[in-house]
Structure formats: structure tokens, C-alpha cells
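Worksheet for the structure shown next.
The values are calculated or read from the model by the stated rules, or taken from the named source; none is laboratory data. Bear in mind that the values here come from a model prediction, so they are computed numbers and not experimental data. Glycine also receives a Cβ, built like all others from the backbone with ideal geometry; neighbour counts cover every protein chain displayed. Surface accessibility is based on the protein's heavy atoms, side chains included, excluding ligands, DNA and RNA. Shrake-Rupley method; radii C 1.70, N 1.55, O 1.52, S 1.80 Å.
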Amino acid sequence: RDRTTEAGEATAVIGERHRVVSPAKCSLIQTLDSRTGARSSHGAAYRMFRRGRRQGAIERIRRGYYSAVYFNRTKYILEQEHDDTIVTMQVFQWNDRSVLCGIDEVIELLKVAADNPHALSIRALRDGDTINRGEPVMHITGPYVYFAHLESLYLGILARRTLVATNTRRVVEAAKSK
């Protein structure tokens, strides 16, 4: 059963005894940089997924193909040292009055691409929540070696989705007075 706090936080545990709060849609969303027209790395994974090569895209994500090299190196070192220390990764952002978006996608990414998703637990705010500078929006708890290679992807997903949602809200607010 899902647990929700008074602050609107949802708790999701990826595992056999708990179900994920978010819908089980695998949607690694394509992003496009509006200034340069360049596609982000998780956009490339999304294109492969859309073209019917879902398994190939997921395997590339699992291998760290779309990740920053230092996250891949960190994972490699942890694997060589057999270090499965449990950590809590706290995710937050830097702007006030932002509209959080991308939580469902990040949870799905962790479900399909983490090395052992059943060993991870996630606490997160909900998509659409208004967040402020430095406010934690997600906690991922589990052995870092299982999700180190995904950090570039989940931070990119959250950053881009939150930016688009925040800008959309600003446009709607500005249009209400006209």
C-alpha cells in the first residue's frame, strides 16, 4: 500500500512487497535544447525505444553508454572493491517556485535500468508540486553501485522536465491577466 505524508510526499519502494507509486509506463522522454537544437543523451535512448529497439536502449543505459564517465568509473571502482554500502542520494534543485516534473520517469528508469532495482527504495515529492531552492525532491536509498551509472540520466530528466513545467506555468500565469 502506498504511504503519503501530510506534506504530500509519496513513498515508493521498488520491490516485490511494495508497488511503485508511479504508473508503470516506460517513457524516457526525448528532450531538445531549444537554443542549439541538440538532443540530450537520454533523448537518444528515447529514440531507440520509440523505434522498437527498447531492449537495446535499456542495455545501453545499463552499460552506462549515456552516462558521464566519472559515474561509470565510480561504479567500476565500487564493483572492483565489492562495495555495496547503502547510501541515500538526496536530489534537489536550485530555483525557487519551480514546478517539479519527471519523478515518474525517474522511478521507471530506476526500475528498468538499475542493477538490482529491488534493493532500492525511493521517497519523492509528486509531479506538479511547487518546490523551492535546496528543497529535497527525491531520496534514493540503496547500494550506490546499483544506480551510480544512472545519475546523469535521472538528473537530466528531472532538470529538463522541471524547467519545461515551470516555464509553462509562468506562461499560463502571464496569460491569465490578458
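Could you please give the count of residues in the range 147-177 that are more than 29 Å from Tyr70 (Cα to Cα) and outside any helix (DSSP H, G or I)?
Going through the range 147-177 one residue at a time, the tally reaches 1.
Residues in the range 73-104 that are open to solvent by 80 Å² or more (accessible area, probe 1.4 Å), without any contact (Cβ under 8 Å) to a residue 60 or more places away in the chain and over 15 Å from the mean Cα position of the chain (by Cα): Arg73, Tyr76, Ile77, Gln80, Glu81, His82, Thr85, Ile86, Trp94, Asp96.
Check Ile122, Ile107, Ile61 and return the single one that is in contact (Cβ under 8 Å) with a residue 60 or more places away in the chain, under 19 Å from Ile157 (Cα atoms), open to solvent by less than 40 Å² (accessible area, probe 1.4 Å) and in a strand (DSSP E or B). Don't jump to the end; show me each part of the working.
On the way: Ile107 fails: in a strand (DSSP E or B); Ile61 fails: in a strand (DSSP E or B).
Unique residue meeting the criteria: Ile122.
The residues listed here are Glu135, Glu173, Glu151; of these, the one that is farther than 20 Å from Lys111 by Cα, in contact (Cβ under 8 Å) with a residue 40 or more places away in the chain and not hydrophobic (A, V, I, L, M, F, W, C) is Glu135.
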